[in-house]
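Report on the structure given below.
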Amino acid sequence: MQLKLPAGLWSSRPGGVHFAIRFIDGTPDDNLALAVYRDGVRIGASTAQVGTAQSVLVPAAANGVYDVYVVDGLAFGNLLPGPAIHYEGLAQVVYDPTPLPLRDLLPDLVALPQKNITFGPPFPIFDDPVPDGSSCHQSEIDEDGAQTCLRFDQVLGNIGSGALDIRFDQPAGVTPEDDAAIPVWQRIYRSNGSSYDLPSGDVEFHAIHQHYHFRGFAQSKLWAIDGSGNRTGSAPVATGNKVSFCIATTTIHPDYWGQRAFGPDAYPAPDCLSPESTSGGVDHFKQGMSAGWSDEYNWFLPAQYVEVTGVANGDYILDTTVDPTNRLVEETKANNCVAVRVRLSQMGTASPQAELIGPGPACQ
């Protein structure tokens, strides 16, 4: 496709043009790439290899005609045609924040409703097998004693004015011990282009996955309900671990596509697995989410579950909270939790069943 820009877009305020695609539900993902050319020269390209959206931001784009290509990522260098994959695209003008009044551009983390809930079985992934007939990964069985794993997506987004940006360093070429905790800092960006860092917990190294996860990024709890459909009891019937994330931008938040300007794809997956740079014998890592993006951990990935052995048939409320231990600075904490209603059946048999039955009441 082509886009023609008029002159004078940046005469009153600096900014750029954002090109983006997203894959339509039901089609494969992970193998499309986005490239932008001007006068036959490539001026931008997406780098993500995992996710359902890609984007390229061209700062201070000059007036003229831009050619935008969507290609098979495996054949990206030659611009060969890719497989038949359904997607939609957009181009939008985005302006830089006004520098005054000087202010922090903070993220605002939200949990989004699950799209899938199931007893699996999950897929063997990251060399983490699944025993025959089990709904749990072997690592979940070995580390947590899991027996009956109620699996679901965790979809966490950023609707704030700034990016969630997590930084940490490691000696170059050194593989940490399994579950080793490494201190991290949250980088806060300001409206004048400056930034500062705050200590914000740890990442941990998962030897079985061979990469780093930000500790305790989300947690889910399963609540019993009363006759009116509200939570009951002094405690949930089941509580998941505080799950860690290799935080990245994998999809565009549904409230932003074609409606609001979203930030650049500055944290593409799987870049969170590797150092952003190396200097002085130190690897520098970066994870995060730009404004208007989300990170989706699918139900079949390790740790996306609540152990429900002994839980009875019936309807329940599943609460999911992002940043449950309040280690990150945000615009507000009021929207960090989302609730959905879940129906469990055939519990205690070899074939338990789960289904989503709608949104839940506001989190407590």
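What the table shows:
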| read-out | value |
| --- | --- |
| Only one of V130, V155 that is over 20 Å from the mean Cα position of the chain (by Cα), of a type in the set (V, I, T), closer than 30 Å to A354 by Cα and at pLDDT below 95 | V130 |
| Selection within region 190-204 - part of a strand (DSSP E or B) and open to solvent by 10 Å² or more (accessible area, probe 1.4 Å) | R190, S195, Y196, D197, L198, P199, G201, D202, E204 |
| In region 157-186, the residues that are open to solvent by 60 Å² or more (accessible area, probe 1.4 Å) and under 13 Å from D104 (Cβ atoms) | S161 |
| Residue selected from region 86-110 under the condition out of contact with any Gly (no Cβ under 8 Å at 6 or more places or on another chain) and aliphatic (A, V, I, L, M), by the criterion most open to solvent (accessible area, probe 1.4 Å) | L100 |
| Pairs where the first residue, in region 64-77, is at pLDDT below 55 and the second is part of a strand (DSSP E or B), C-beta under 6 Å, 6+ apart | F76/A33 |
| Output for region 246-262, where each listed residue is in a loop (DSSP other than H, G, I, E, B) and within 14 Å of the chain's Cα centre (by Cα) | C246, I247, A248, T250, H253, P254 |
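The values are calculated or read from the model by the stated rules, or taken from the named source; none is laboratory data. Note that the structure is predicted; figures quoted are calculated from it, not measured. Cβ coordinates were reconstructed from backbone atoms using ideal geometry, including for glycine residues, and neighbour counts include every protein chain displayed. With ligands, DNA and RNA removed, areas are computed over all heavy atoms of the protein, side chains included. Shrake-Rupley method; radii C 1.70, N 1.55, O 1.52, S 1.80 Å.
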